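Asks: Shown below is the structure under consideration.
The values are calculated or read from the model by the stated rules, or taken from the named source; none is laboratory data. The structure displayed is predicted, hence computed values, not measured ones. Virtual Cβ from ideal backbone geometry, glycine too; neighbours counted across all protein chains shown. Ligands, DNA and RNA are stripped out before the accessible areas are found, and what is left, the full protein with its side chains, is counted by its heavy atoms. Shrake-Rupley method; radii C 1.70, N 1.55, O 1.52, S 1.80 Å.
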Amino acid sequence: MALARWASLGLDEALGRSLVGRWSEPHRRYHDLAHLEMVLSGVDLLAGHADSANLVRLAAWYHDAVYQGRPDDEEQSALLAEVELPAAGLDAAAVAEVARLVRLTAGHRTSPGDRNGEVLCDADLAILASDGYDDYVAAVREEYRHVPEEAFRAGRAAVLRNLLALPNLYRTPLARERWETVARKNLLSELEARESLL
């Protein structure tokens with residue numbers, strides 16, 4: 001399925017296979033091919049809002065291409081895009097836009113009018129409103145198994161507070177309508193549970 005999505009972008013199949021390999025690394029529990037598929041499906045759903053839906057799709061492919069559970073994963077993923085995409089035939093402006101979008105996923109904060117960024121960030125955060133929220137939280141904990149429990153609880157609580165501090169979790173009208181209420185409920189429930197343990 002993933003390679004069929006890649007083929008629709010009209011880029012080198014070998015590069016797509018390389019990216020699938022990255023997304024299939026054995027240490028990944030959440031940031032894996034299923035997450036990539038969910039983000040790509042979210043981009044498809046919200047594509048009408050984007051200025052360039054295919055650049056957003058390409059950014060989705062790269063947004064967690066490097067994933068080690070470290071603070072610079074998004075930066076490393078953006079740098080990978082900047083190295084690989086020129087060789088795939090993308091012009092400098094397209095490469096710069098993909099890298100910019102990948103970097104946005106580090107904090108999910110977009111500027112007003114950044115329609116591409118809004119679509120990617122909303123698609124990346126779609127999991128927050130899903131029925132699989134608890135499984136997502138457990139999988140993220142597995143990816144951060146190198147972090148002691150107390151430090152993880154405190155760090156995760158900070159992430160949740162930062163997300164809840166956003167005026168809206170979702171920027172596109174369709175995502176807000178479909179996901180905002182449920183996502184906030186899920187985040188608040190998790191935060192309350194974590195704060196009771198701190």
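Asks: Looking at ARG156, ARG184, which is the one that is free of Cβ contacts under 8 Å to residues at least 24 places away in the same chain, of a type in the set (D, E, K, R) and open to solvent by less than 80 Å² (accessible area, probe 1.4 Å)? Outline the logic, then answer.
Replies: Details: ARG156 fails: free of Cβ contacts under 8 Å to residues at least 24 places away in the same chain.
Answer to the check: ARG184.
Asks: Identify the single condition in (1) in contact (Cβ under 8 Å) with a residue 24 or more places away in the chain; (2) open to solvent by 10 Å² or more (accessible area, probe 1.4 Å) that LEU58 does not satisfy, given that it satisfies every other one.
Replies: (2)
Asks: Working only within region 77-110, note down all residues that are open to solvent by 70 Å² or more (accessible area, probe 1.4 Å), within 17 Å of the chain's Cα centre (by Cα) and not charged (D, E, K, R).
Replies: none
Asks: Looking at this structure, is GLY113 in contact (Cβ under 8 Å) with a residue 40 or more places away in the chain and open to solvent by 20 Å² or more (accessible area, probe 1.4 Å)?
Replies: no
Asks: Quick check, is VAL147 of a type in the set (A, V, I, L, M) and modelled with pLDDT under 95?
Replies: Values: of a type in the set (A, V, I, L, M): yes; modelled with pLDDT under 95: yes.
Yes.
Asks: Moving on to the next point. Within region 1-52, how many residues turn out to be in contact (Cβ under 8 Å) with a residue 60 or more places away in the chain and not in a helix (DSSP H, G or I)?
Replies: 10
Asks: Then there is this: For TYR67, all conditions in the list (1) modelled with pLDDT of 95 or more; (2) part of a loop (DSSP other than H, G, I, E, B); (3) open to solvent by 20 Å² or more (accessible area, probe 1.4 Å) hold save one; what is the number of the exception?
Replies: (3)
Asks: How many residues are over 17 Å from ALA4 (Cβ atoms), open to solvent by less than 20 Å² (accessible area, probe 1.4 Å) and among the hydrophobic types (A, V, I, L, M, F, W, C) if we restrict to region 30-46?
Replies: Result for region 30-46: 1.
Asks: Still on this structure: Is it true that LEU85 is in contact (Cβ under 8 Å) with a residue 24 or more places away in the chain and not basic (Lys, Arg)? Steps first, please.
Replies: Numbers: in contact (Cβ under 8 Å) with a residue 24 or more places away in the chain: yes; not basic (Lys, Arg): yes.
So LEU85 fits the description; yes.
Results for (1) surrounded by fewer than 17 Cβ atoms within 10 Å (Cβ to Cβ); (2) in contact with a strand residue (DSSP E or B) (Cβ under 8 Å, 6 or more places away or on another chain); (3) farther than 17 Å from HIS31 by Cα; (4) touching a residue at least 40 places away in the same chain (Cβ under 8 Å), shown as yes or no for each residue.
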{"site": "TYR136", "(1), (2), (3), (4)": "no, no, no, yes"}
{"site": "ALA139", "(1), (2), (3), (4)": "no, no, no, yes"}
{"site": "GLU150", "(1), (2), (3), (4)": "yes, no, yes, no"}
{"site": "LEU160", "(1), (2), (3), (4)": "no, no, yes, no"}
{"site": "LEU164", "(1), (2), (3), (4)": "yes, no, yes, no"}
{"site": "ASN168", "(1), (2), (3), (4)": "yes, no, yes, no"}
{"site": "PRO173", "(1), (2), (3), (4)": "yes, no, yes, yes"}
{"site": "GLU177", "(1), (2), (3), (4)": "yes, no, yes, no"}
{"site": "SER189", "(1), (2), (3), (4)": "yes, no, yes, no"}
